[in-house]
């Protein structure tokens, strides 16, 4: 927080409160979007589906790293998703001991359904703003994404900022 340059410390406090509130709204959108799946998967299972949607076919160790989970936990979650038909387990050519995971058509459909709902809900919220405010929100969020860096929130990171 030493890098904050506002003249008034209350500005930082207000900015943090607003950002925390916005985080709650966006988290709420993310969590509510899973309702469209009618209990087909748990939150933990959906996280794996979302990671696999980003990674494509990936070693289970890479999936564990991206989720910030132990490999044994990923194996248990993957077992349930394989049994449900949402994930396919395979191996790398020439390395039969390396387990790979990838979405099946069913898994892709679940991810798409959630993404579509989220997009619709976020569009509904944004539509309540003027065009100028929409442009300001977009610009500020782009800046926030830039300072967070590529992959923030997608891949596991240390809890202490560098």
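Does residue 88 count as crowded, with 16+ Cβ neighbours inside 10 Å, closer than 30 Å to residue 15 by Cα and in contact with a strand residue (DSSP E or B) (Cβ under 8 Å, 6 or more places away or on another chain)? If you could, list the steps in order and put the result at the bottom.
Values: crowded, with 16+ Cβ neighbours inside 10 Å: yes; closer than 30 Å to residue 15 by Cα: no; in contact with a strand residue (DSSP E or B) (Cβ under 8 Å, 6 or more places away or on another chain): yes.
Criteria not met by residue 88.
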Any hit, the stretch 98-116, residues being modelled with pLDDT under 95, surrounded by fewer than 12 Cβ atoms within 10 Å (Cβ to Cβ), over 21 Å from the mean Cα position of the chain (by Cα) and farther than 27 Å from residue 25 by Cβ: no
Neighbours by Cβ (under 9 Å, 6+ apart or cross-chain): first from the stretch 81-100, over 12 Å from residue 52 (Cα atoms); second assigned to a strand (DSSP E or B) and modelled with pLDDT under 85: 91/97; 98/92; 99/92
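Looking at 10, 3, 21, 72 in this structure, which one is outside any strand (DSSP E or B), over 16 Å from the mean Cα position of the chain (by Cα) and modelled with pLDDT of 95 or more?
Details: 10 fails: modelled with pLDDT of 95 or more; 3 fails: modelled with pLDDT of 95 or more; 72 fails: modelled with pLDDT of 95 or more.
Result: 21 is the single residue among 10, 3, 21, 72 that is outside any strand (DSSP E or B), over 16 Å from the mean Cα position of the chain (by Cα) and modelled with pLDDT of 95 or more.
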Counted residues in the stretch 138-149 being surrounded by 12 or more Cβ atoms within 10 Å (Cβ to Cβ) and either modelled with pLDDT of 95 or more or assigned to a loop (DSSP other than H, G, I, E, B) (or both) come to 0
Going by the structure shown, is residue 123 surrounded by 13 or more Cβ atoms within 10 Å (Cβ to Cβ), free of Cβ contacts under 8 Å to residues at least 12 places away in the same chain, under 20 Å from the mean Cα position of the chain (by Cα) and not in a loop (DSSP other than H, G, I, E, B)? no
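Is it fair to say residue 43 is closer than 22 Å to residue 152 by Cβ and surrounded by fewer than 11 Cβ atoms within 10 Å (Cβ to Cβ)?
Yes; evaluated as a whole, the condition is true for this residue.
The values are calculated or read from the model by the stated rules, or taken from the named source; none is laboratory data. Note that the structure is a prediction, hence the values are computed from the model and not measured. When we count neighbours, we look across all protein chains shown, and the Cβ atoms used for this are built from the backbone with ideal geometry, even at glycine.
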